[in-house]
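Engineer: After the structure tokens below, expect a handful of questions from me.
We did not get these values from a lab; they are worked out from the coordinates using the rules stated. Predicted model, so just to flag it, every value in this text is computed and none were measured. Glycine also receives a Cβ, built like all others from the backbone with ideal geometry; neighbour counts cover every protein chain displayed.
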């Protein structure tokens with residue numbers, strides 16, 4: 001006899017990643033999380049060095065608007081080149097790897 005799925009039932013046998021993958025949003029969710037972490041790391045490094053956004057943008061040789069896009073966790077349109085310039089501007093390096 002097959003058990004019926006209850007509405008609102010949570011399948012506790014699957015991981016959160018499996019749940020997101022099943023809904024087709026795992027990659028999008030991971031991308032957003034990575035972007036938010038990097039933006040936060042840049043903000044922390046800027047605060048530590050007491051860098052204003054204007055000074056940071058100048059170090060990156062970019063506009064303040066581009067820096068705002070980088071620091072906005074909801075804006076996914078950031079290139080690796082921008083991330084690299086931000087890292088260098090605060091004395092860090094950017095590492096990207098495949099697993």
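Engineer: Select from segment 55-69 the residues that are out of contact with any helix residue (DSSP H, G or I) (no Cβ under 6 Å at 6 or more places or on another chain) and assigned to a helix (DSSP H, G or I) and write down the one among them that is surrounded by the fewest Cβ atoms within 10 Å (Cβ to Cβ).
Structural biologist: So the residue we want is 65.
Engineer: If you don't mind, another one. Considering only residues that are part of a loop (DSSP other than H, G, I, E, B) and over 20 Å from residue 71 (Cβ atoms), which ones fall in segment 9-54?
Structural biologist: Listed by number, the residues that qualify are 9, 10, 11, 12, 13, 14, 15, 23, 24, 25.
Engineer: Still on this structure, please answer the following. If you go through segment 84-99 one residue at a time, how many are surrounded by fewer than 18 Cβ atoms within 10 Å (Cβ to Cβ) and assigned to a helix (DSSP H, G or I)? Give the steps one after another, and end with the answer.
Structural biologist: Step one: list which residues in segment 84-99 are surrounded by fewer than 18 Cβ atoms within 10 Å (Cβ to Cβ), which gives 84, 88, 91-99.
Restricting the remaining residues to those that are assigned to a helix (DSSP H, G or I) gives 84, 88.
Here the count works out to 2.
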